[in-house]
Amino acid sequence: MKRPVILYYLIICFSLFGSSLATGQEKPIIKFGVIADIQYSDDDAKGTRFYRNSLNKLEASINDINTELVDFSVILGDLVDRDTPRNLDSVLIRLQKLDSTIYVTTGNHDYDNILDNQALFKQLDMPSEYYTFTKGNWVFVMLNTNELASYSKTND
């Protein structure tokens, strides 16, 4: 079975917490953008994987999110497909174009060739591998689902 295109361009999920119709509100309580599985790599295409095309799709996602005037954006990991030190800056430069605050968590691909998790978290501007942030009356919890994986480096 072939995998979908690299960037699931995923859900530019502009989420409504609660029904604006039920509450009589004209706008959502919280509106945020979600990007996941960018999986960029500066490598030639392989089969149905077009690694370099991810940047164009990321830019299109960023433009869409900026148009929606979201409260914040969440990046759900797999910013790169492989070789994180070589490929991550290309993604981070583009993410700076988001007009909203960004909250990031890592995916399994983000640990490729990483020797120090804390350095990765710092580069992604994550306060720690697990963290929370509050928007209005909502608390968001960012989890690291890779902590116990064999590819994840710990500082024990």
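Computed values, structure above
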| item | result |
| --- | --- |
| Extension reserve of the Asn137-Ala119 stretch, reckoned as 0.36 nm per residue once the Cα distance is removed | 3.3 nm |
| Summed residue charge, Cβ within 14 Å of Asp43's Cβ, Lys/Arg positive, Asp/Glu negative | 0 |
| Gain in span if fully extended, Thr67 to Asp99, counting 0.36 nm per residue against the direct Cα distance | 10.6 nm |
| Segments 27-37, 44-54, 71-81, 116-126 sorted - mean Cβ within 10 Å per residue, highest first | 71-81, 27-37, 116-126, 44-54 |
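Computed from the coordinates by the stated procedures, all read-outs in this text should not be read as laboratory data. As the structure is a computational prediction, the values presented were derived from the model and not from experiment. Virtual Cβ from ideal backbone geometry, glycine too; neighbours counted across all protein chains shown.
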